[in-house]
Amino acid sequence: MVFTTARPQGLAVLHFITKSENQNHSMHHFHYHGSQLYCEDVSVETLARKYGTPLFIYSQQTITDRFLALDQALSELDHLVCFAVKSNSNRAVLRTVADLGGGFDIVSAGELQRVIAAGGQAGKCAFAGVGKSEAEIRYALEQGVYTFNVESEAELKRIDAIAGRLKKKAPVAVRVNPNVEAHTHAKITTGTYENKFGIAFEEIEKVYARASRMKNLWLRGVQMHIGSQITESTPFETAVRKVGPLAARLKARHGLEFFSLGGGIGIVYDPALESGSPKWWLAGAGRKTLTPARYAERLLPDLKSLGLRILLEPGRFISGNSGILVTRIEYVKRTGRKNFLIVDAAMNDLIRPAFYDAYHQILPLSRKGGKLISSDVVGPVCESGDYFCHDRPLPKVGEGDYLALMSAGAYGSVMGSNYNSRALPAEIMVRGKKAAVVRRRQALEEIHVGESIAPWQK
Ligand code: LLP
């Protein structure tokens, strides 16, 4: 793998990381064999030529390694790792998690349906979200989800009423808002009173007391989630120290079975950055980032004594580094001030840079020597926000060359849209030497197939 030691500007020095170093630091299976980027044992460029671009490629081994790293870190506890489906809902990805014995964190009936279609079990699903509709609650109850993670008293009442009509007991956990600052990006922080999630820490015990009088509810657990892309252990420790004793009291009073710590473990987006950078939330904290071992080491002492089953809801940690978005350079446009690489992927395929100013490492599929050129990688969508990087030192590349946008496995394809009537990309799953299309490229007609003109326009 290649990265630059100086960024974002200037002529940077190339630094090569060996395969084993790469696996230690960022734990993924995208690496160079000679000059060619490989996903596991498959040449990425071969896939790009065969299936076209833009193209998402997932490494099944990386998903597996990541899942198992977390699962094993918690092995001393009764636990269930529930993969956050919102981060990547491709059925092949979900199947990988299901085959490893994982559960799922879901936020809609659509996600539950996908899990079931992929061979996952509803009984291992935690249904979260502030706005569950009546139809969604009914469907989830009929399928038998493990828990509803409830975000308001109004929702508790609604679930109780629907469960009563279906003559079922609904398993619920209330989401505690612990009011802990997670030091992450403003758009993905969730654990403080400034946002819409959960019920305030101080209110929780009263809410459980009232919920215990609702006849059709089974108070099964308690849940929290403090934010996403958290790259240090301190916010998790603070939250567990605050909510752990509350969970113990609720267990004593209401016989709870589990405590869900939510998701949010961050990943490395830019291997060149060390932690401590003022922009670390955009880039990941480099080599010192949070590992499952460190996460467990810091939290296990507090969790063990609770005697509760521990649930985790990681999304990005499992899927983030497991996927890339491959794109082809359509044009190179040199203006007086800029070197624009206009590529065939756009903000509708990967919105994170446009939406969060997020950093994604960009690597050529064919590694070249020579000077690096400060470049802007931009897409064809008619918005100046449609960019993947600004003024980044990249190797000299030309029309027809391919680039990989790294760490696009989480919140990539799932946040895609048809903006500018652009078709959704194909997705490939790789395992060892094998590669399979796990989502075919959308045909242009499919984009508008559900539309029609109004009758009076005929
Ligand atoms: N549990 C709950 C209740 C959540 O709200 C989330 C993420 C997760 C688990 C999984 O979080 P993770 O382990 O993936 O950090 N689109 C944004 C991220 C939004 C996260 C929303 N909630 C991004 O691209 O960075």
Shape parameters for region 410-452, alpha-carbon atoms, Rg then Dmax in Å: 13.0, 45
Which of rounded, prolate, oblate describes region 314-458, given a ≥ b ≥ c as roots of the alpha-carbon gyration tensor eigenvalues and a/c under 1.5 marking rounded, otherwise prolate only if a/b is larger than b/c? oblate
Using a 10 Å cut-off on Cβ atoms, rank the peptides 440-448, 110-118 from the highest mean neighbour count down. 110-118, 440-448
Charge-dipole axis of the chain as Lys and Arg at +1 and Asp and Glu at -1 on Cβ define it, positive-most pick from PRO455, ASN339, THR231: PRO455
If you roll a 1.4 Å probe over the chain with all protein chains in place, what percent of the accessible area is carbon or sulfur? 51
Sorted by mean Cβ packing within 10 Å, highest first, what order do the peptides 140-149, 36-45, 309-318 take? 309-318, 140-149, 36-45
For region 211-278, with every protein chain kept in place, what is the accessible area per residue (1.4 Å probe, Å²)? 34
For region 84-240, the fraction of alpha-carbon pairs in successive 5 Å shells from zero, as %: 2, 10, 18, 19, 19, 17, 11, 4, 1, 0
Length gain on complete extension for the stretch ASP41 to TRP456, per 0.36 nm per residue less the alpha carbon to alpha carbon distance? 143.7 nm
Computed on Cα atoms, Rg of the chain relative to 2.2 N^0.38 Å comes out at 1.01
Using packing as a proxy for protection, rank 101-109, 48-56, 361-369, 417-425 so that the peptide with the highest average count of other Cβ atoms within 10 Å comes first. 101-109, 48-56, 361-369, 417-425
With a sphere of radius 12 Å drawn around the Cβ of LYS169, what net charge do the other residues whose Cβ falls strictly inside it have (Lys, Arg +1; Asp, Glu -1)? +3
Nearest 500 deg cm²/dmol is fine: what mean residue ellipticity at 222 nm does the chain get from its DSSP H runs of n ≥ 4 alone, each adding -39,500 (n - 2.57), divided by its residue count? -8000 deg cm²/dmol
How much of the DSSP beta bridge set in the chain is antiparallel, as a percent to the nearest 5? 50
Working from Cα positions, state the angle (0 to 90°, nearest 10) between the long axis of helix 134-143 and the longest principal axis of the chain. 80
Helix axis angle, 153-165 relative to the chain longest principal axis, alpha carbon, degrees: 70
Just to confirm the number: angle between the C-alpha axis of helix 292-304 and the first principal axis of the chain, 0 to 90 degrees, nearest 10? 10
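The values are calculated or read from the model by the stated rules, or taken from the named source; none is laboratory data. For clarity, every value in this text was computed on a predicted model and none was experimentally measured. FYI the Cβ positions are ideal-geometry reconstructions off the backbone, even for glycines, and counts take in every protein chain you see. Just the protein is used for accessible areas: all its heavy atoms, side chains included, with ligands, DNA and RNA removed. Shrake-Rupley method; radii C 1.70, N 1.55, O 1.52, S 1.80 Å.
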